[in-house]
1. Can you give the local net charge around L293? Use residues other than it whose beta-carbon is closer than 15 angstrom to its beta-carbon, Lys and Arg +1, Asp and Glu -1.
2. Determine the gain in length on full extension of the stretch E307-D256; use 0.36 nm per residue of separation and subtract their C-alpha separation, reporting nm with one decimal.
3. V218 versus S383, label points 7 Å from Cα toward the beta carbon: distance in nm?
4. Is the range 30-123 best put as rounded, prolate or oblate by its Cα gyration tensor, with a ≥ b ≥ c the root eigenvalues, rounded for a/c under 1.5, and otherwise prolate when a/b is larger than b/c, oblate when not?
5. Taking R0 as 22 Å, what's the FRET efficiency between V68 and R93 from their Cβ-Cβ distance, rounded to 0.05?
6. How far is it, in nm, from the label point at L283 to the one at E548 when both lie 7 Å from their Cα along the line to the Cβ?
7. Please go through the range 76-109 and write out the trypsin sites (Lys or Arg not before Pro) that DSSP classes as loop and that have at most 13 other C-beta atoms within 10 Å.
8. Tally Lys and Arg at +1 and Asp and Glu at -1 over the other residues with C-beta under 10 Å from the C-beta of R404: what net charge comes out?
Amino acid sequence: MKEGDVPPAPPGGVRAESGAAREAPRISTEGVLGGVYVARILLAGGAFIGAVVGWEQADPLDNLVVSVVFVFAILITGLGVLRGFEEKGPPGRAFVYIQVIFDTVLVTALVHTTGGAGSIFAALYIPVIAIAALLTPFPGVAVIGVLSAALYMAAAFWGGGPEAISGAVLLQLGLFGLVALLAGIMGDRLRRAGAALGVVQSELRRLRLDTGEVLETVSSGILTVDEGERLVYLNPAGEALLKLEAVQWTGAPVLDRVAAVAPELTELLRTSLESARPLSRELARVERDGGDLTLGVATTVREVPDEPRAVTAIFQDITDSLRLAALDRQNQRLEAVAELAASMAHEIKNPLASIRSAVEQFTSPRISDADRSVLSGMVIRESDRLSRLLSDFIDYSRVHIGRREAVALSRILRDAVAVVKQHPQAEGQRVGIVTRMEVEGEVTIEADPDVLHRAVLNLLLNAVQFSPEGGEVETVVEAPTGEGSEMGVENPVLIRIRDQGPGIPEEDLPRLFDPFFTTRSGGSGLGLSMVHRAMEAHGGAVFAQNREEGGAEFILYLPCRVIPMNANSTVLEMADG
């Protein structure tokens, strides 16, 4: 990119500059001097022509003064113009002072030859002082102001003697001083502001150039369109992905052309334009002869007063990334199956070994009836253990969504509580179960009711088994909030199941949902793993933590919808012992 080229607009912006991005007008010393040159030649030339016309009637000394001033005006102006052509850069301070001082002398000559103190040209001292304020620092303005007053006094005295120094002349001198003071202050502030603005503009220009170079070299495509669907900016990576040349389409409606190769990208851009909302983590397909590509897309919206809305899409080819992610998931599944098979074999091996040992002892002729009874009981226990293990494993392996339907969460909880009250594993434990709905309206979930029921039942049964006699298990359904979005659960409802048991050892928390991990004697270690799989199958999540007041808490996150009702509903259930 060459110096002075217009760099591409940043994402969300447009190429046309606005506000602070536009080149702000600044005072140019050369421009001011150019105007001075023109005014000087006009004044000196007019005075010389007037002197030539009335040469015979005018005072010879006045004619000489006008002629000399005219010659010097041409000479100094010519040197100034020549310097401007030969040298690049602002003129030096000495050069500027020479120009302003000469203009003060020129005005004095006009005042002297046209009546002295009463000359109409006396007012020209004011623009000379103002020009000095634009071209010189404050001390220079003060010098020009004092010089103007002194020369005006001299011209008045020369033309009329001491009597010419009247109140009007003194008032004029005071006016010169006031103008010099105000013009000097304003000029000084204007120069400081101009210097600061120059720094800002230099930084902005450098930033725009750097931004342009970055956007030209990034691998992600960047496409900006305004609300008229006109192309504002498209970087080279975007041109390659969309097979579109920015030069041909800049300023023209482009979305219909983009729709021919990337219809989903076009819809995302139009959605952002219409709703003025940014989008993130969207997917779009690009049609190609050699195979379609998948783009990851995010959009940003730019709205500036008095300017059309603009939307920028940032997109990149993630086809290979998605394929690698799919392969990685497949490898993880295979590894999980292998690990699960190894764990299952280990869990089956111990009961089988016990059963084999018992069967071998049955054949011994020396075995007593008491030993035979013990061995028979062991075979039955180990067989039951195998049966439970296989049943749990079947439940674990069957966790998939067979059918989805709108199911009321209160019904799932009510049915699970009813089963726990009659469950053999909870028999003899007098533990209360309180279910509280802290949400206005009936919460409904798109779910497989059987899978969700087994997950909630498993957690409630665990909570009852770990709670002490006379304790209480609390189930709380909380209103959907933004919480949980970081876990990928949109509009979640929270189900908290709290017990009053001993809690979970801190070292066991990371492994709690691993298959075959259990801290309870006789447990298969598949119950919590089944809960974890059930939550994943429904697009939710589950995690466990210890409570400060004692006991454990399991928190389920589930995506839901809420059907409003007039009042909160509270259900109180008690599990009988």
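1. -4
2. Separation in residues times 0.36 nm, less the Cα-Cα distance, equals 16.1 nm.
3. That separation, rounded to one decimal, is 6.9 nm.
4. prolate
5. Once the sixth-power term is evaluated, E becomes 0.25.
6. My value for the distance between the label points is 4.3 nm.
7. Here the sparse-neighbourhood loop sites are K88.
8. Taking every Cβ under 10 Å from that of R404, the sum is -2.
Taken together, the values in this text are just the output of simple stated rules run on the coordinates, not laboratory data. In this text the structure is predicted, and so the values were computed from the model without any measurement. Here Cβ is always computed from backbone atoms with ideal geometry, including for glycine, and neighbour counts include all displayed protein chains.
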